[in-house]
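Have a look at this one.
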């Protein structure tokens, strides 16, 4: 399919520049691909909506919500050059290293060996430029990178969030809290972009989910900067997806097995959790497709098959997209996804079109624009049902 098929006119004023004062105050668009239904709700109603949609209380079922618990690190450091010119270092990796891969701005003006200083009154030397071709820096201070990022780093907001440069510092503390899910695991700090579908959840919403027979569990996929990279190729099949690492814990795998064996529903919180779980199943069942897997599910000892792959890190470049305007993609498991509204021509928009059907995707995105839903990372939410409700 052509990239241009996934373009749409997004009014600038619908691109959310700041989060709402309350996480769960966002709107929620609920759509079903089977019924072609489009309904407007508020995110605070999510637990009851899920209970009603899947008849959890009535049929004594449990629903599994799978979120991504990766924690975002403050990857962007604003710098000054000795000349006074300003720029930034965007770290693509962490840990203890001699040299760190990064993005540099302004790359065309920097020189190898140049020292980059903090962009504040102290002008503290922080980094030395090591390479410009494949941008990298080393540390000047005798401190760990994590310590430097805690002092000087900003959350890695996507490029479509554009604020007054004179007011940026006023937003830093807010972004460190709000561009992070409440369930992010401090031991899994590895994302250079937030799994934004989960930003709407509060501890209270999660508690209400549990009261409605909804279990909350997490996969881990460290979101890379490639999430925001545009598709360059005219034909989307030629797009080279960015590589990310993911892991499914034993606890999550056990819950997935329980829900599959009982034919209970599973809903993903975000595209990254769906991609992690789908990558996991494609890795384990390399010779099967969705239909073959589900046809033979009753004959499989899932515990014996799946558990050896739990608690292990794998790499994925999975790109889910529709083959044509009439085709849909069925993940190995899952009945629905909670997700924000995505950029035109993005791989995320293509994934949603693949799950829900291209024509229906166009229809409910047009509805969201007409009803003035807030779009992208700090925007409103949607609950999209792409599978049977069991």
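FYI, it's all coordinate maths here, none of it is from the lab. Keep in mind that this is a model prediction, so the values were computed, not measured. With ideal geometry, Cβ positions are generated from the backbone for all residues, glycine too; neighbour counts draw on all protein chains shown.
Across all directions of projection, what mean area in square nanometres is found for the Cα convex hull of the stretch 76-154? Intermediate values should be presented prior to the final figure.
Working: hull surface 18.3 nm².
Dividing the Cα hull surface by four gives the mean projection, 4.6 nm².
Still on this structure, please answer the following. Suppose a student asked you for the relative contact order of the stretch 221-309, using Cα pairs under 8 Å spaced at least 6 residues apart; what percent would you report?
This gives 31 percent for the stretch 221-309.
Just want to confirm a number: the relative contact order over the chain, from Cα pairs under 8 angstrom separated by 6+ residues, in percent.
25
Report the FRET efficiency, 1/(1 + (r/R0)^6), for residue 86 and residue 42, where r is their Cβ-Cβ distance and R0 is 45 Å, rounded to 0.05.
It comes to 0.65.
Kindly work out what percent of the DSSP beta bridges joining two residues of the chain are antiparallel, to the nearest 5.
Expressed as a percentage, antiparallel bridges in the chain total about 65.
Quick one: among 377, 32, 138, which has the greatest mean-square fluctuation in a GNM of the chain with alpha-carbon springs under 10 angstrom?
Ranking 377, 32, 138 by mean-square fluctuation puts 138 first.
Assuming 0.36 nm per residue, please report the length gained on full extension of the stretch residue 245 to residue 296 beyond their Cα-Cα distance.
In short, 15.5 nm is gained.
For labels at residue 8 and residue 369 in the simple 7 Å Cα→Cβ model, what's the distance in nm?
0.7
Also: Tell me the Kirkwood hydrodynamic radius of the stretch 1-93 in angstroms, computed as one over the mean inverse distance between distinct C-alpha pairs.
Evaluated over the stretch 1-93, this radius sits at 18.7 Å.
Continuing with the same structure: Using Cα pairs closer than 8 Å and at least 6 residues apart in sequence, work out the relative contact order for the stretch 29-181, in percent.
Relative contact order of the stretch 29-181: 19 percent.
Rounded to the nearest 10 degrees, what's the angle between the helix 250-262 long axis and the longest principal axis of the chain, both from Cα atoms, 0 to 90?
Helix 250-262 sits at roughly 20 degrees to that axis.
Another question, then. At a Förster distance of 45 Å, what's the computed FRET efficiency of residue 21 paired with residue 287, Cβ-Cβ distance as r, to 0.05? Display every interim value, and only then the final one.
Values: r = 51 Å, r/R0 = 1.12.
FRET efficiency, residue 21 to residue 287: 0.35.
Could you please state, rounded to a whole Å, how far the C-alpha centre of the stretch 120-181 is from the C-alpha centre of the stretch 225-249?
24
Now, a different point. Output needed for the stretch 266-390: three equivalent-ellipsoid semi-axes, defined as square roots of 5 times the C-alpha gyration tensor eigenvalues, in descending order, whole Å.
29, 16, 13
Output the 0 to 90 degree angle, nearest 10, between the alpha-carbon long axis of helix 347-356 and the longest principal axis computed from the alpha carbons of the chain.
10
While we're here: Taking the chain as a Gaussian network, where each spring joins two C-alpha atoms under 10 Å apart, which residue of 34, 185, 301 fluctuates the most?
301
Please compute the modelled spin-label separation between residue 140 and residue 174, points set 7 Å along Cα→Cβ, answer in nm with one decimal.
3.2
Could I ask something else about it? Under a crude label model (7 Å from the Cα following the beta-carbon direction), how far is residue 345 from residue 325 in nanometres?
Here the answer is 1.9 nm between the modelled labels.
Highest GNM mean-square fluctuation, the chain, Cα pairs closer than 10 Å: which of 344, 195, 125?
125
Show me, bin by bin at 10 Å from 0, the whole-percent P(r) of the stretch 22-152 based on Cα pairs.
10, 30, 16, 11, 19, 13, 2
Given the -39500 (n - 2.57) contribution per DSSP H run of 4+ residues, what per-residue ellipticity at 222 nm results for the chain, rounded to the nearest 500 deg cm²/dmol?
Taken over the chain, the calculation gives -7500 deg cm²/dmol.
Taking Cα atoms of the chain, Rg/Rh with Kirkwood Rh, to two decimals?
Reported Rg/Rh (Cα atoms, Kirkwood Rh): 0.98.
Related question: Any chance you could give the angle, 0 to 90 degrees and rounded to 10, that helix 358-370 forms with the longest Cα principal axis of the chain?
Taking Cα atoms only, the helix is inclined about 60 degrees.
Now, a different point. For the stretch 264-318 and the stretch 41-107, write down the distance between their C-alpha centroids in whole Å.
If we compute the Cα centre of each part, the gap is 23 Å.
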